[in-house]
Every structure is written in C-alpha cells, then in structure tokens.
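Peer 1: Below is the structure I would like to discuss, written out as structure tokens.
The values are calculated or read from the model by the stated rules, or taken from the named source; none is laboratory data. If you're wondering where the values come from, they're calculated on a predicted model, not measured in any experiment. Quick reminder, even Gly has a Cβ in these numbers, built from the backbone with ideal geometry, and neighbours come from all protein chains shown. Remember, those area values only see protein heavy atoms, side chains included, never the ligands or the DNA or RNA. Shrake-Rupley method; radii C 1.70, N 1.55, O 1.52, S 1.80 Å.
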Amino acid sequence: MFDPFIAPSGTLLGLLQRGRGDGTLHALAAPRPEALTALNHCVLSDPRHDWQVENRSLYYARLYLDLDGGTEEIERHLFDPEDHLDTEDSRTGLALAVLGHLASYGRDDALALLRRYAATGANWAWALDELALRDDDAGLRSLAEPVLARFPATAEGTAGLAASVRDAFEPRPWRLWADDPREAVGARVRAATEQGSFDRWQRQMRPGGPRPGWSVQAVFDWAQEGLERGSALHVPAARCLSAVAGTEDRPMIVEAARSGPEGARCAALHYLAEARDPAVLDLVEQAVGGASPTVADAAVAAFERMCGEEAVDRARRWAHRPDALGASAAGVLACRGAVQDAPLVLAALREAVRGEGPDTPRLWTLVDGAGRLGIACAAPVLRHVYRETSSSHLRGRAARALAATDPSFASGFAVECLWDCEETTRELAAHHAETGDIRVAERLRRLAADPAEEAEVQTAVRSRIGPDAPAV
C-alpha cells in the first residue's frame with residue numbers, strides 16, 4: 001500500500017483524513033453533498049499511514065449518522081471488480097469496519113451489505129468478524145454454506161479451512177456452524193477446528209529455528225550467520241549472552257564490541273548496554289562514528305535501551321550532535337531527563353519539526369517529553385504538530401502535552417478533541433474541556449449515552465456530569 005495523499009489541514013478533506021474533531025464540526029456546517037463527498041473519499045481511500053493502530057471507523061460511522069449518509073458508495077467500492085485483484089486488507093478493511101459500527105447503531109442497510117460481502121467478497125473474513133459482533137444467530141447461520149463453499153473438498157481446501165478457523169479473530173460464527181446438524185457444515189467445521197488445534201500444538205512443540213551453542217563465541221557466530229542471511233539477531237543474541245557469559249568473558253565481549261564482525265559487534269553492544277557496563281558508552285560513540293551503518297544503528301538502539309543515570313548524563317553531552325546519536329540522546333532526555341534538560345528537549349523538538357516535518361517518528365518521544373517536563377514555551381510548536389500531523393496517535397500525544405503546558409488548552413483544542421477519532425484523545429478532552437462552551441455539555445451527554453463509546457471515555461465523562469461533579 002502506497003502512502004496516502006493527505007490534503008492540507010485547513011481543508012475539510014484534510015481535517016477528516018486526520019480524524020480531527022474539527023473535521024466533524026466543519027462537515028456538519030458544510031453543504032451536505034460536499035461533506036458526504038469528503039467523507040466517502042476518506043472511507044474508500046484509507047488515509048491512515050498505519051491502518052493497524054490508528055482509529056477512524058467509529059469516527060466516520062458517527063459522521064455518516066449525523067449526515068444521514070447512505071452506503072451506496074461503500075457498496076460500489078466493495079463490489080468493484082478490483083476487489084478480487086487487490087485483496088489486501090487495507091483496501092476494504094476501513095469500509096467494512098465503518099459498516100460494522102453502522103450496523104451496531106441499527107443501520108439495516110449496513111448489516112445487509114456486510115452479509116452480502118461476507119458471502120461473496122475477497123476480504124470475507126473481516127466482514128465475518130464484524131458480523132460476529134453484531135449479527136444474530138440466524139444471520140450468521142445463513143452464511144455457513146457460502147463461506148464453506150470457498151474451500152473445496154480437497155487437501156488444499158481442507159487445510160485452508162482449518163487455517164481460517166484457527167486464525168479467526170471472532171470464533172462465534174464457527175462455533176455456531178460447528179453445531180449445525182448438516183454433515184457438510186457441522187461435521188466439516190468440527191474437523192477443521194480439531195485440525196487447527198493440532199496445527200497450533202505442532203507449532204508450539206516444533207523448535208523455532210536454529211539456536212546458538214552454549215558459549216560466547218558460538219553466540220557471536222550465530223549472530224553473524226543471521227546477519228549474513230538478512231536476519232538481525234542482535235537482541236536475542238544479547239539475551240543468549242546473558243545466559244552463557246561469565247565475568248571472565250568480559251574482555252572478549254568488549255573486544256567484539258570494539259572491532260568484531262558486524263553481527264558479533266551488534267550483539268556485544270546490546271549485551272553491554274543491558275549490563276550497564278562502564279565501557280559501553282564509549283563503545284557506542286565509537287560505533288556511531290564508524291564505517292558500518294548496521295553497527296551504528298545497533299549502537300544507537302542499544303543506547304536507547306539503557307536506563308541508568310550514566311546514560312542520561314552522556315545524553316546531555318550527545319544531544320548537540322547533528323546525527324542519529326544526537327537525536328537518540330534528545331529522546332532519552334525527553335523520556336528520563338530532569339527539568340534542567342528542558343532547553344535541550346525543546347531545541348530538539350523545534351529542530352525535528354523544522355527539519356523533518358510534523359510526521360517524523362522522532363516527535364513521539366519529544367512531544368511526550370515536552371509535556372512531561374512542563375515546557376510552557378513549547379506550546380506553539382505543540383500546537384503546530386497537533387494541527388498538521390497526519391498521525392492521530394501523535395496528535396493525541398500533542399494534545400496531552402498541551403494539557404500540561406498550554407493554559408488555553410481547556411477552552412481551545414480540548415473542546416475539539418471531544419470529537420476526535422482516538423478514544424484516548426476523547427478521554428483526555430472529557431477531563432479537560434471547559435464547560436463554558438455550550439457544545440461541551442451537549443457532547444458530554446451524547447458520549448455518555450452512546451453504547452459504542454469506550455468505557456474509559458464514559459468514565460471520564462461521568463466524572464464531569466455525575467451526581468458529584470459540577471453541573472454542566
């Protein structure tokens with residue numbers, strides 16, 4: 001899947017793609033055809049950079065309800081001939097999840113569409129998981145024959161059926177079908193369930209691959225062989241060293257970290273970092289300045305795993321470096337530094353935004369650090385990240401940092417966050433949003449009554465509108 005095109009943050013489409021609360025508010029104020037066009041674009045062309053962790057489905061489903069939007073465009077997308085050419089989950093997963101939420105709100109058209117797609121669509125397993133949570137027993141039983149027809153009565157079909165039963169996120173349909181009295185349904189599903197359980201047992205009993213011998217040199221050889229095969233075994237090799245290395249092996253490990261083959265050097269650096277060896281920080285600095293990018297990356301990763309005060313002290317020296325180690329050092333200070341480190345964290349935050357934009361992975365720890373250290377003068381940069389990032393998770397972190405640094409948060413972004421696509425961001429807003437805004441009281445009441453809302457959000461809402469809370 002290619003990185004999606006994200007429209008500018010000041011446009012309706014850009015707001016909806018980002019899952020911002022302002023997207024919903026602007027869509028409700030825009031002409032309905034324009035709002036539905038932007039909404040359909042988002043649902044049919046998933047805007048998330050990481051669709052497996054970022055939330056959008058409930059956010060879009062709620063907007064469909066508010067706009068009284070139909071499912072015709074979703075239907076055309078699901079049953080397009082491309083469905084059987086591009087079978088990646090990312091093509092249809094968001095649309096199916098939106099239909100699932102719409103079905104939970106009582107939309108019969110969404111439920112019927114999910115049933116039809118589960119019977120004939122390429123991503124049928126996702127649709128079946130959505131139905132498992134929302135459909136009744138009769139509806140699920142009606143799908144047994146079309147789903148089982150996907151698996152011919154051959155060795156390959158039987159194996160495929162067993163794998164589908166074993167890997168299903170929601171087992172409810174398969175359990176219903178296992179009780180079906182028809183031989184071609186119940187008996188077949190029961191046999192597939194037994195085979196799936198046997199396959200799982202075999203995987204658990206089977207060795208997971210080659211293992212190193214029980215000596216320091218054998219571990220180094222194993223790490224090097226893995227690197228030559230294209231497998232980075234630095235971290236597991238370091239754990240193996242912890243099991244086999246004694247005090248007498250330290251000189252050998254230090255020498256491997258200084259000048260050994262790449263695989264052994266990476267493993268040794270990770271082991272010495274975990275052991276908080278006094279030589280490791282100098283070895284890390286040496287490795288970063290060396291000729292091997294693999295060793296340099298492993299050295300930075302090893303440094304980031306260190307949690308002692310000596311690592312924080314060294315991070316203060318390295319934070320000014322213009323390379324990966326300097327960026328890593330700033331991240332260490334953001335996570336574990338003290339108030340005295342605020343200027344270094346702020347400088348790194350500004351430089352990351354200026355040099356790499358509002359979506360760089362470096363910002364995650366730096367934004368958290370700005371909030372943790374209470375850097376009030378970071379608020380303008382945090383507001384920029386909040387507005388511009390296409391990552392709803394990073395936006396939520398920026399909101400949390402703003403809650404700790406920006407006095408205007410409660411009356412500003414916190415209000416918008418009540419409509420955000422991420423439940424953690426809505427929960428934060430429920431705690432902080434200033435109730436002087438008339439929209440806040442109404443939104444809190446709606447979230448409290450919404451059966452699809454997450455329990456943590458509703459708990460936060462009840463803390464604001466419960467019998468012991470101030471009136472809203």
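Peer 1: Measure off 7 Å from each Cα along the Cα-to-Cβ vector at ASP86 and LEU133, then give the distance between these two points in nanometres to one decimal.
Peer 2: 2.4
Peer 1: Can I ask one more? How far apart, in nanometres, would the label points at GLU194 and ARG305 be if each is projected 7 angstrom from Cα along the Cα-to-Cβ direction?
Peer 2: Those two pseudo-labels are separated by 4.5 nm.
Peer 1: Write down the accessible area per residue of the chain in Å², having rolled a 1.4 Å probe over the full set of protein chains.
Peer 2: Accessible surface, normalised per residue, equals 47 Å².
Peer 1: At 1.4 Å probe size, with no ligands or nucleic acids counted, give the accessible surface of SER242 in Å², nearest ten.
Peer 2: 80
Peer 1: Still on this structure, I have one more. Ranked from highest to lowest mean number of other Cβ atoms within 10 Å per residue, what is the order of the peptides 410-420, 269-279? Before the final figure, lay out each step's value.
Peer 2: Details: 410-420: 23.3, 269-279: 20.2.
Highest mean packing first, the order is 410-420, 269-279.
Peer 1: Under 8 Å for C-alpha pairs, at least 6 residues apart: give me the relative contact order for the chain, rounded to a whole percent. Could the numbers behind the result be given before it?
Peer 2: Working: 635 pairs, mean separation 49.8, N = 472.
The normalised contact order for the chain reaches 11 percent.
Peer 1: Under 11 Å from a label point 7 Å along Cα→Cβ of ARG116: give me every residue in segment 74-107 with its amide N that close.
Peer 2: 74-80
Peer 1: Now a separate question. Could you rank GLU262, GLU304 by how accessible they are, 1.4 Å probe, largest area first?
Peer 2: GLU304, GLU262
Peer 1: So, taking all protein chains as they sit and a 1.4 Å probe, how much accessible area belongs to HIS234, in Å² rounded to tens?
Peer 2: The value for HIS234 is about 20 Å².
Peer 1: Can you pull the percent of the chain's accessible area that's carbon plus sulfur, 1.4 Å probe, other chains left in place? Spell out each step's value before the answer.
Peer 2: Numbers: 11760 of 22100 Å².
Roughly 53 percent, rounded to a whole number.
Peer 1: Another question, then. So between GLU170 and ARG32, what do we pick up on full extension, going 0.36 nm a residue minus the alpha carbon distance?
Peer 2: Extra length from GLU170 to ARG32 when fully extended: 46.1 nm.
Peer 1: Using 5 Å bins from zero, what percent of all Cα-Cα pairs in segment 306-416 falls into each bin?
Peer 2: 2, 14, 26, 24, 17, 11, 4, 2, 0
Peer 1: SER57 accessible area, nearest 10 Å², 1.4 Å probe?
Peer 2: Near enough 20 Å² of accessible area.
Peer 1: Using alpha carbons only, what's the Rg to Rh ratio of the chain with Rh from Kirkwood?
Peer 2: Taking Rh as the inverse mean 1/r over Cα pairs, Rg/Rh reads 1.04.
Peer 1: Taking a 1.4 Å probe, which of CYS377, CYS266 shows the most accessible area, and what order do the others take after it?
Peer 2: Details: CYS377 75, CYS266 0 Å².
Largest accessible area first, the residues go CYS377, CYS266.
Peer 1: Of TRP214, TRP364, which has the most accessible area and how do the rest follow, probe 1.4 Å?
Peer 2: Numbers: TRP214 215, TRP364 80 Å².
Final ranking, largest accessible area leading: TRP214, TRP364.
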